[in-house]
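This report refers to the structure that appears directly beneath it.
Read-outs: derived from the displayed coordinates by stated rules, not from any lab. Note that the structure is a prediction, hence the values are computed from the model and not measured.
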Amino acid sequence: GSLVIPVCDAHGDITEIYGRKITPNLRAGTPLHLYLPGPHRGLWNVEAVASSPEIILCEALIDAMTFWCAGYRNVTAAYGVEGFIADHLTAFQQHGTERVLIAYDRDAAGDAAAEKLAKQLMAVGIACYRIQFPKGMDANAYALHVQPAAKALGLVIRKAVWLGEGQPPARPENEPAVIVHEPAPVATSSSLVAAVAAETAPPAALPEPASGWPRAMPASPLPSVPSPMAADVTDSEVVLTLGERRYRVRGLSRNLSPDTLKVNLLVSRSEAFYVDTLDLYGARARTSYATQAAVALGVAEGVMQADLGRVLLQLETLQDAQIRKALEPTALVAVTLSDDERDAALTLLQSPNLLDQILADFEACGVVGERTNKLIGYLAAVSRKLATPLAVVVQSTSAAGKSALMEAVLAFVPEEERLRYSAMTGQSLYYLGQHQLKHKILAIAEEEGVRRAAYALKLLQSEGELTMASTGKDPVTGNLVTQEYRVEGPVMIFLTTTAIEIDEELLNRCLVLTVDEGREQTQAIHRRQRTRRTLDGLLAREERTAVCTRQQNAQRLLRPLAVVNPYADQLTFMDDRTRTRRDHEKYLTLIDTIALLHQYQRPIRHTVHRGREIEYIEV
């Protein structure tokens, strides 16, 4: 809902960011305009200062962009009426600026600031003129109300008032604006100007553009997107050829985040070559690479810069396809149970001491002690089939057994119903696919590895789904289009952590299990580790596969039925803190999960509501 404008230095590094809301009532009570905290640095459109002897200086970036869209590219901006900084003056003096046309807002503050700035600039030999808009207007409002904008702005440029004493120095009468630099704009001039229109009513009368206005050069046409280069792609490298230059790229497969494009890039020409590892999204890194490679290969630096641009676009296309493929649901073959496998799974699910049998299977798989944690972990895994699953965080010091507990629980869950990652980026959850998480387990090995995705996880747990609108390239036209990503739950979230302090927002959404770190538990683990070296231990390892298979088949037979608790209104719960509102829901869900696990020992009931039949079991 905002327009965000970066300001870069001569090396392409961002030194300032300006934000301007363009959506009405966006985040009420927060500022309409915002810069980064601290002193301002950098100069917007420094290329213009380097290329033109006459510079239009606006009060704000939106006004400067208004001139730019109308074809007057010799323009830059201060950071408000008091925002002319040392970087501006240094650039003007370094590049030999002869004249500055001060296009500050036409109000008391703008007039006073223009007069003060003119004295400062003329003291160092820079001639100053004042562009005068109608009273109370700025460049953006003026361009909106007097059409065509290019002609209207040309009028006020030509009629700029000399701010010095005596006769003004000679100024070319119809000097055209200089088009010095043209990155691909994110919007047409009309849409951009309209989007950031000042909320100012048009004055009663505006001056009509007069003849003799300076010609604003039309914006040069956008360069066409270069056609894709032929790429020789293998598992280990990508080879691209541009004329005599051959580019070999390694490490692309490791880039599974759209935020980075770090590769090992070798360019060769005949016998000469240059190789380095760099992130192609870093402007400084590209500049350094192009400079060094140009020397090594004996070609112009501009040629190398252009090559790197084409290589970046080609690799970006390959990376997009690579990320989409990585995030596609794995095509798992549907598991068909044999009669024997089905009977064994049903025998387990119909066992009158089902929970004891589950604990015995954990013991058979080598997990000693931790009775409560094993049961809670198992039940939480089963809860994935409910509308609101549980979430679990296993907390312990390093090497205490939290990962072993998670592995043991996941081993009882069918492979097609669980996803496990070591870490996740902030946006990765949104690209997992609409149905890939539904009624499944999402396990993250360490809570540290999910901190950047914590916000998305909280939403997924609380709301049961994630939605995001993102800008991407249309694969056919290459144009930027808005794409919606939706990930449906419910999903059971399973985390482990060594952190003593856990994020409070995440904590109150999860059941927190603490591993037994006592001496007796350590002794029991040691005994089990020794037993594994014996013949009984060898046979137990062979038996483990059969135990896990039976448990997984039992999980496959569980259906996502609704659960009704006929005793719910008789239950009580502590209510001395607000967080118990969530704890109470976990408590009730745990009861529902026990009922769901015993569904083959309960009658399946039916009811009809609004013409739809609902199956359920009772607690």
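Over the alpha-carbon set of region 550-612, divide Rg by the Kirkwood Rh and report the Rg/Rh ratio to two decimals. Present the calculation step by step, with values, prior to reporting the outcome.
Details: Rg = 15.2 Å, Rh = 14.2 Å.
Value, to two decimals: 1.07.
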Query raised in the report: If you wrap a convex hull around the C-alpha atoms of region 269-375 and split its volume per residue, what is the figure in Å³?
Result: 248 Å³
Query raised in the report: Which pairs, out of K21/K151; K325/K438; K21/K119; K21/K438; K262/K374; K21/K325, put more than 31 Å between their alpha-carbon atoms?
Result: K21/K119; K21/K438; K262/K374; K21/K325
Requested in this report: Just the number, please: Stokes-Einstein D of region 492-560 in µm²/s, Kirkwood Rh from C-alpha pairs, 4 °C, 1.567 mPa s.
Outcome: 81 µm²/s
Query raised in the report: Rounded to two decimals, what ratio of Rg to Rh does region 1-68 give with C-alpha atoms and a Kirkwood Rh?
Result: 1.01
Query raised in the report: Using the alpha-carbon centroid of each, what span in Å lies between region 29-77 and region 501-566?
Result: 61 Å
Query raised in the report: Over the Cα atoms of region 1-138, what Rg and Dmax result, in angstrom?
Result: 14.9, 46
Report summary line: Percent of all alpha-carbon pairs of region 102-168 at distances over 19 Å, whole number, is 34 percent
Query raised in the report: Give me the log10 of I(q) over I(0) for region 239-297 at q = 0.12, 0.30 Å⁻¹, as the Debye formula computes it from C-alpha points; what are the numbers?
Result: -0.28, -1.28
